[in-house]
1. Within the bounds of the range 11-22, is there any residue that is exposed (fewer than 12 other Cβ atoms within 10 Å of the Cβ), in the same structural domain as Ala399 (by the TED database) and modelled with pLDDT under 95?
2. Condition first: within 15 Å of Asp110 (Cα to Cα), at pLDDT 95 or above, in the same structural domain as Glu241 (by the TED database) and in a loop (DSSP other than H, G, I, E, B). Can you find one or more residues in the range 160-179 that meet it?
3. Which residue is surrounded by the most Cβ atoms within 10 Å (Cβ to Cβ), if the candidates are limited to the range 249-291 and must be under 17 Å from the mean Cα position of the chain (by Cα) and among the small types (Gly, Ala, Ser)?
4. Filtering the range 395-444 down to residues that are part of a loop (DSSP other than H, G, I, E, B) and under 18 Å from the mean Cα position of the chain (by Cα), which residue is nearest to Ser325 (Cα to Cα)?
5. Quick one: in the range 92-120, of everything that is charged (D, E, K, R) and surrounded by 13 or more Cβ atoms within 10 Å (Cβ to Cβ), which residue is farthest from Pro220 (Cα to Cα)?
6. Could you tell me whether any residue of the range 37-56 is in contact (Cβ under 8 Å) with a residue 40 or more places away in the chain, in contact with a strand residue (DSSP E or B) (Cβ under 9 Å, 6 or more places away or on another chain) and of a type in the set (D, E, K, R)?
7. Return yes when Ala63 is small (Gly, Ala, Ser) and in the same structural domain as Gly204 (by the TED database) and no when it is not.
Amino acid sequence: MPQKFIAKCDHTPICLSSSPHAAVVGFRRHGQRQRLAATKADNRSFSREDKLFLEEDDRAFPAPLLLPGDDLAGDPENSQSFQEWLNGEHRNPITARQKTVYVVPSPQIDANVDFMQDWTRPRFGEHELSIKPPSTKDVQDYLTAFYHGLPVKMMSPSTLRFIPWEEPQKKLRKKTGLQYLGLQYGDECVRIRSRTLSNGVYGGQVNLDDLLDAAISILPKDAYALLILVDFDLYEDDDDEFVCGRAYGGSRVAVVSSARYNPRLDTIHDVERLHAWPASHCENYMSVCASTEPSTKRQKRSQVNSRGPSNSSSKLKGPMQDAVSAYRSLPKVDSSSSLLSALWLGRVCRTASHELGHCFGIAHCVYYACSMQGTASISEDARQPPYLCPIDLAKILCATSTSASQRYRALLAFCERPGNHDTHFFGPFATWIQSRLGQIEDST
């Protein structure tokens with residue numbers, strides 16, 4: 001939602017149910033029994049401690065936000081339980097020979113196509129403090145923690161290189177701005193579509209589908225999955241304005257672009273930093289967002305009836321409340337370049353872990369506010385959490401053969417690194433993890 005709606009907010013109280021807009025669009029969340037059943041599967045068991053991590057607690061795992069324009073509000077998707085994930089025909093098993101996750105840095109740029117350097121710098125947007133782009137090494141380290149139990153390796157920066165494509169260009173293609181680039185890897189070179197934009201946020205874009213096909217070609221024999229991180233803006237179809245990333249789950253490859261997550265573009269994309277996760281669960285913010293959509297009298301009654309019990313502080317005390325409190329204690333995100341740089345990194349880490357989740361056979365989540373939710377916009381993306389809900393956590397624990405405690409502690413160590421701690425993405429996430437670990441310790 002545009003920032004103009006709320007200029008200042010203390011993010012109290014918070015709301016752990018879906019927004020009133022859920023009733024307007026007819027979203028019906030699975031019941032508690034269904035959600036609990038979705039964490040279980042035949043002939044698959046977890047340790048006693050892991051079972052505690054998989055128990056439902058809305059203080060840690062709220063319902064999907066369901067704000068106007070959100071993915072679930074416009075196109076509800078089918079659910080995927082743990083059992084359905086195990087039975088998935090297109091899910092690739094992890095084996096001793098294929099268990100490594102590879103991360104590939106953005107392709108290098110040959111001197112003969114050095115015009116592409118301008119494609120990594122936005123033409124429009126707020127000119128703020130100097131912001132450091134996300135480091136591929138930092139994203140690799142985050143994924144190592146997120147998929148704890150599996151090796152995550154970075155391929156050489158020279159693995160991929162953009163070079164000229166020598167095929168003659170047709171005049172029609174020049175007029176439409178479509179042109180070809182060559183993507184070189186080893187002794188091979190593949191053709192990549194690109195297009196120049198006279199009035200775009202970036203001067204040019206690279207075709208996502210072609211990059212995914214290239215990713216399949218360079219997939220090492222010992223790879224379980226491969227992710228290419230690119231600095232360039234991406235598109236899929238001619239009608240696309242842009243796309244941030246995609247995975248060919250069955251082929252075990254994904255591509256993610258950092259371009260649109262640049263905080264300089266937040267105003268263009270109506271990203272309200274004030275209510276990014278976890279403050280997206282601020283009750284005041286949710287009410288204002290829901291009220292921006294026209295409603296009939298019948299819809300208004302549905303909204304009132306959907307609110308549920310009041311959110312007293314005693315009922316909400318837990319990981320989400322603690323995360324919001326940590327968020328509230330931070331300075332304004334645009335007060336320093338380091339905070340903005342960490343915000344950019346966090347956004348890319350969340351999307352990279354999401355797209356790789358599809359390579360593990362995980363579908364979009366409809367049960368909870370969850371890192372595996374689908375997203376319909378950059379603004380919605382900023383409101384979604386970095387954690388996995390209990391159902392998707394069960395899938396990852398099964399795939400990686402790690403424990404929930406080890407995984408959370410690995411993520412906590414990354415979030416508490418110098419430069420990450422006390423920043424707007426990693427700081428609240430660290431607090432959420434600490435609170436969740438505390439819940440489990442109190443239960444044992």
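1. no
2. There is at least one residue in the range 160-179 that is within 15 Å of Asp110 (Cα to Cα), at pLDDT 95 or above, in the same structural domain as Glu241 (by the TED database) and in a loop (DSSP other than H, G, I, E, B).
3. In this case the residue turns out to be Ser280.
4. The extreme case among them is His424.
5. Only one residue fits best here, namely Asp110.
6. Taking every residue of the range 37-56 in turn, none turns out to be in contact (Cβ under 8 Å) with a residue 40 or more places away in the chain, in contact with a strand residue (DSSP E or B) (Cβ under 9 Å, 6 or more places away or on another chain) and of a type in the set (D, E, K, R).
7. no
Yes/no per residue for (1) among the small types (Gly, Ala, Ser); (2) open to solvent by less than 10 Å² (accessible area, probe 1.4 Å); (3) over 23 Å from Arg59 (Cα atoms); (4) out of contact with any His (no Cβ under 9 Å at 6 or more places or on another chain):
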site: Val348; (1), (2), (3), (4): no, yes, yes, yes
site: Cys365; (1), (2), (3), (4): no, yes, no, yes
site: Thr375; (1), (2), (3), (4): no, no, no, no
site: Ala394; (1), (2), (3), (4): yes, yes, no, yes
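The values are calculated or read from the model by the stated rules, or taken from the named source; none is laboratory data. Since we're looking at a predicted model, the values are computed, not measured. Heads up, the Cβs are rebuilt from the backbone with ideal geometry, glycines too, and the neighbour counts pull from every protein chain shown. When the accessible area is computed, the model is the full protein with side chains, heavy atoms only, and any ligands, DNA or RNA have been set aside. Shrake-Rupley method; radii C 1.70, N 1.55, O 1.52, S 1.80 Å.
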